[in-house]
1. Would the stretch C:33-184 count as rounded, prolate or oblate if I go by the C-alpha gyration tensor, calling it rounded below 1.5 in a/c and otherwise prolate when a/b exceeds b/c, oblate otherwise?
2. Please give the FRET efficiency for residue A:65 paired with residue B:193, using the beta carbon to beta carbon distance and R0 = 25 Å, rounded to the nearest 0.05.
3. Using a ≥ b ≥ c from the Cα gyration tensor of the stretch B:138-193 (square roots of the eigenvalues), is it rounded, prolate or oblate, where a/c under 1.5 gives rounded and otherwise the larger of a/b and b/c decides, a/b for prolate?
4. Across the residues of C:52-65, average count of Cβ atoms on other protein chains within 10 Å?
5. What's the ranking of A:150-161, C:160-171 by average number of surrounding C-beta atoms within 10 Å, highest first?
6. Based only on other Cβ atoms within 10 Å, what is the fewest-to-most ordering of C:193, C:76, C:138, C:4?
7. May I ask you to sort A:133, B:124 by Cβ crowding, counting other Cβ atoms within 10 Å and putting the fewest first?
8. Based only on other Cβ atoms within 10 Å, what is the fewest-to-most ordering of B:57, A:55?
């Protein structure tokens, strides 16, 4: 081929390879903000189900092996420690206080078991490659009273650090502020950005 | 052309076609987790607006033609049946109890119409092609009292099945657990994963 | 080159350019529903943190330069006006009523500062290029009472208009309906679609 023809060939090969790389990156596209955020939101929701239904085995798998759960007053590192530490503070599986625990319940037969439910909202996530930081609100509702009347009873916010391990987002650290406790109430200043 | 030149031409054409396919698939990329989840979240939110504002015509379009709404105590299949069944249980359009319905309101003129609002949170979605299963929490707030004071009054969780029909995600089945009713309270065990 | 060769060259160049455009659009892929919705959800959550923690400088950056905040009873256009207008209505930074503000608090020493927290849910977003319209519910919880007991105290919904400016989604208009005020209660009809 002529020199000119050769140059054009190499140019075309380069352009085509860029096209192929494009295809490859689109096919395994886990790195966009939308994809990562979707995975992280799912993680944050699975955490809540596992917590409220007393499924600590699933709960700890939302953390990295050496992940940290920090509730200000207490902190545990590692799945085993989180399970033991949190487990010792939780009511029995079923997600609610056991029947009869409440003094006012002992007089009357409770209707059915009480439940407690944590909810997450206002999720802010900043992602940088395989690391992410998050802020979000949480609030808790329950019906641990004789009438099983639902009510909101506490709220606060999260400061989260997450990492992507083998393609899966996990908590490396979750810090929980609780605005019903003076020592755990959190910042006066905007903890977000 | 020489044999060598011909080979290079076909190689380049192949590479370029892959690039074009990449472009096409990126342009109609509805199959990633993030894209599907975004569409499903939108569906779940539209469901709530339609429900609370008494817009049953829109409400039933969030279900497939033969979709099932199962509130444990009752179950309806198909858009027409859902509309009739749910419609017979709902307060008049406007999303709240009619003025004066509450006994305590008959003494004083109510301030304005009452409203009720369902909210969804902790959305977990697992997607497999054109099918998806979901879990989520719901809670309800209202102000059906003389002072129109807002309050949380019930909560529970959803077990959802969704399908993608002509590019649009719809509920094929929604099951609603309500933790204010002994028979509809749901599982002791984590219904999620 | 021969006529045939020339034609093939131009064809290949065209095909390759399409591949490159594909790569470029995938690399800066901000135009899919999932990507845009993720960015908008993040915006809506950052708005809440800034609002509740009294960070008005950050708050106004969630609006376009000439954005409108319309709370029905009042309306401000432009970041400066929003900051001044909303600032004059807000409690001091810290997100809650100052200690001792509540009459019942003056008798007893308050436990710690009160806080108020807005939450967003049921987010519906329709996107058309660089413009979007949104609907969502909001609800507010607080603990401005001597016992710092958490409670839900108000709710309503948003009607939003958003635009993408230099790749970043911002509110061009947010209208806030508040169902605890007769004049600001909003529509009887479904404001969504």
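Quick note: the coordinates plus some simple rules give every number you see, no bench work behind them. Note that the structure is predicted; figures quoted are calculated from it, not measured. Here the Cβ is made from the backbone with ideal geometry for all residues, glycine too, and neighbour counts use every protein chain on show.
1. Cα axes put the stretch C:33-184 in the prolate bin.
2. 0.80
3. It comes out oblate by the Cα gyration axes.
4. 2
5. For the peptides A:150-161, C:160-171, the packing ranking is A:150-161, C:160-171.
6. Ordered by Cβ neighbours within 10 Å, fewest first: C:4, C:193, C:76, C:138.
7. A:133, B:124
8. Result, fewest neighbours first: B:57, A:55.
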